[in-house]
Amino acid sequence: MSTVILSPPLVSETTTEPRWVQRTLIAVALAFLTLFLFVPLLAVFAEALKKGLGVYWAALVEPDARAAIQLTFLAAAVAVPFNLVFGVAAAWAIAKFEFRGKSVLTTLIDLPFAVSPVIAGLVYVLVFGAHGWFGPWLAEHDLKVIFAVPGIVLATVFVTFPFIARELIPLMQAQGTEEEEAAIVLGASGWQMFWRVTLPNIKWGLLYGVILCTARAMGEFGAVSVVSGHIRGLTNTLPLHVEILYNEYNFAAAFACASVLTLLALVMLAVKTFIEWQTRHPHPAAPPAATAAGDTPGRAVGDPA
Amino acid sequence: MAGTGARYVLPGFRLALGYALLYLGLIVLIPLAATFLKAFTLSWDAFWAAVASPRVLATYRLTFGAALLGAVINAVFGLLVAWVLVRYAFPGKRLVDALVDLPFALPTAVAGIALTALYAGNGWIGQYLPFKVAFTPLGVVVALTFIGLPFVVRTVQPVLEDLEHDVEEAAAVLGASRWQTFRRVIFPALAPALLTGFTMAFARAVGEYGSVIFIAGNVPMVSEITPLIIISKLEQYDYAGATAVAVVMLVLSFALLLLINLLQWWSGRRRIAA
């Protein structure tokens, strides 16, 4: 447990702190992280396995839980590709061209981050709900959006809207337009240029955005809760299923389902860390709204789920 | 005028911008506009009654107060964690660094039930505390501290890494103590990033719902947050009332977003100037 000083020995005398100060600061920082981060993480698994593996497994394979897992994956599987196409289109226009109102557009893309998830659900209730703009029309045609799967997907799309775009915009801005221009001048078609030049250049940033978007899509609670209607086996995502079980005092089952979401979150973190090492950006994880002037390209967004 | 040149060479500008605007309009702007239009259907008195009843006012106090307290805790400890991760070496540092982002990846409902289990009267942590945390306003602060934890760390960390050692050496050579160097040289360089991270954590905490409702206990006038008021008005089919409260929150959130953008612009200028 020896503490090593990072700066070169000659410098260290004047620009670092005494050993005891270092150790105290490390201890306080780790104590804080333990209390607020590591112990809650452990608690999920401890509570999930409290009543044994049998109860744990039963909670995961019962039909309502399986339906919730499927719906969670479905919502993510629709929301992520939609926001992926938008992210690439928006980043292409913003990063490679000059036009008026560009900074306004960039700010508008961030809007969903500033909106409470509950309000994200509410806005779709006002548009598609029974008393909403399209409510009567939808009822006439026997279509259901709110309290049905389409509403859940829409709410998920809204809360994960900015992730991929904000990841790609600074990255593509930093890469400039020379390579693409060369491809076009040499006779490549638009699609050839995109698949052979642009996409290989942005692949890590794209994957990074997809990871953040997927993590949030699978974990969204507030927005989905408003539009879901909480019908077991039909419109319950896994986070909503956790809530129902918890409110029924079925803690072991609630934490069992929570542990699945936690494992998925840890997988996302592992992939994210791997991408950061690949791209050799020491800290590609800056929080949302971090694309303004002076920001390092490739730095990423991470909004909590 | 490199941009003008690129416009003529590179394809797809109209298609990409057109699609992006259409999608932004359909998914975000039109639904948000619907919210404001719905709020305008209320008379001023009805609007005021919905957004300024004593029970709703109590939720503003708790939501903004707890979010502010959580952001202050995160500013202090986030700066410390960023400092320790950048400046010192210790075993398991890379793992700790990766796990700092956990609150971004963990579903809020999971965070909510885990924190409640820990801080309840019989929980791992709660049983050793002389005061109640879960089901009190203090529980709200704990949840909001958790979800805002990565913001300050991740905004301060890159700035701290870019900071040149030579200014610190110069300060030391000129006779400054280590504490004086930190206070007069290092801290001013970190301040814009710290403020940005603080504001982001605050803005995120104000809208948070999932992690809070489990630990708060949701007692009216005591531990009820504003997003929960919107939900309960919706459950009573009071769409206009829910929308009115939502509009108040939206206006405050947009003001915060504007502030964050201004801070980032300022922070970016500071970094370029440095």
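The values are calculated or read from the model by the stated rules, or taken from the named source; none is laboratory data. Everything numeric in this text was worked out from a predicted model, so none of it was measured. Glycine also receives a Cβ, built like all others from the backbone with ideal geometry; neighbour counts cover every protein chain displayed. Protein only, heavy atoms only, side chains kept; ligands, DNA and RNA dropped before computing areas. Shrake-Rupley method; radii C 1.70, N 1.55, O 1.52, S 1.80 Å.
Could you check, for segment A:195-214, whether at least one of its residues is in contact with a Ser or Thr (Cβ under 6 Å, 6 or more places away or on another chain), touching a residue at least 12 places away in the same chain (Cβ under 8 Å) and within 12 Å of another protein chain (Cβ to nearest Cβ)?
yes
Do we find a residue being of a type in the set (G, A, S) and out of contact with any Gly (no Cβ under 8 Å at 6 or more places or on another chain) anywhere in segment A:165-174?
Within segment A:165-174, none of the residues are of a type in the set (G, A, S) and out of contact with any Gly (no Cβ under 8 Å at 6 or more places or on another chain).
Could you give me the residue pairs with C-beta distances under 6 Å whose first residue belongs to segment A:53-72 and is within 19 Å of A:E243 (Cβ to Cβ), whose second residue is open to solvent by 70 Å² or more (accessible area, probe 1.4 Å) and modelled with pLDDT under 95 wherever it lies, and which are 6+ apart or on separate chains?
Pairs that qualify, where the first residue is within 19 Å of A:E243 (Cβ to Cβ) and the partner is open to solvent by 70 Å² or more (accessible area, probe 1.4 Å) and modelled with pLDDT under 95, are A:Y56/A:L49; A:D64/A:R232.
A:F45 is checked against (1) free of Cβ contacts under 8 Å to residues at least 40 places away in the same chain; (2) more than 30 Å from A:W191 (Cβ to Cβ) and fails just one. What number does that condition carry?
(1)
Only one of A:F97, A:F36, A:F86 is within 7 Å of chain B (Cβ to nearest Cβ) and touching a residue at least 60 places away in the same chain (Cβ under 8 Å); which?
So the residue among A:F97, A:F36, A:F86 that is within 7 Å of chain B (Cβ to nearest Cβ) and touching a residue at least 60 places away in the same chain (Cβ under 8 Å) is A:F86.
Answer yes or no as to whether A:I211 is closer than 24 Å to A:V157 by Cβ and open to solvent by 50 Å² or more (accessible area, probe 1.4 Å).
Answer is no for this residue.
Does segment A:61-69 contain at least one residue that is facing chain B (nearest Cβ under 10 Å), assigned to a helix (DSSP H, G or I) and closer than 18 Å to A:R216 by Cβ? Steps first, answer last, please.
Within segment A:61-69, the first condition is being facing chain B (nearest Cβ under 10 Å), and the residues that meet it are none.
For segment A:61-69, residues facing chain B (nearest Cβ under 10 Å), assigned to a helix (DSSP H, G or I) and closer than 18 Å to A:R216 by Cβ: absent.
Do we find that B:Q157 is open to solvent by 30 Å² or more (accessible area, probe 1.4 Å) and polar (S, T, N, Q) in this structure?
Criteria not met by B:Q157.
Tell me which helices (runs of 4 or more DSSP H) are completely within segment B:108-180 and hold 3 or more residues being under 21 Å from B:S267 (Cα atoms), or say none if there are none.
Correct list: B:137-162, B:165-173.
Of the numbered conditions (1) more than 9 Å from chain B (Cβ to nearest Cβ); (2) open to solvent by less than 30 Å² (accessible area, probe 1.4 Å), A:E243 fails exactly one; give the number of that condition.
(1)
Could you list all residues from segment A:215-236 that are assigned to a loop (DSSP other than H, G, I, E, B), among the β-branched types (V, I, T) and open to solvent by 10 Å² or more (accessible area, probe 1.4 Å)?
A:I231
Answer with yes or no whether B:E164 is more than 10 Å from chain A (Cβ to nearest Cβ), surrounded by fewer than 24 Cβ atoms within 10 Å (Cβ to Cβ) and modelled with pLDDT under 90.
Judged against the criteria, B:E164 is a match.
Checking B:P31 against (1) within 8 Å of chain A (Cβ to nearest Cβ); (2) surrounded by 18 or more Cβ atoms within 10 Å (Cβ to Cβ); (3) modelled with pLDDT of 95 or more, which single condition isn't satisfied?
(3)
Which ranges mark the helices (runs of 4 or more DSSP H) fully within segment A:93-181 that have 2 or more residues being open to solvent by less than 10 Å² (accessible area, probe 1.4 Å)?
Passing ranges, in order: A:102-114, A:117-128, A:149-159, A:163-175.
Give the residues of segment B:90-104 that are closer than 26 Å to A:A223 by Cα and open to solvent by 10 Å² or more (accessible area, probe 1.4 Å), sorted by residue number.
Correct list: B:L99, B:F104.
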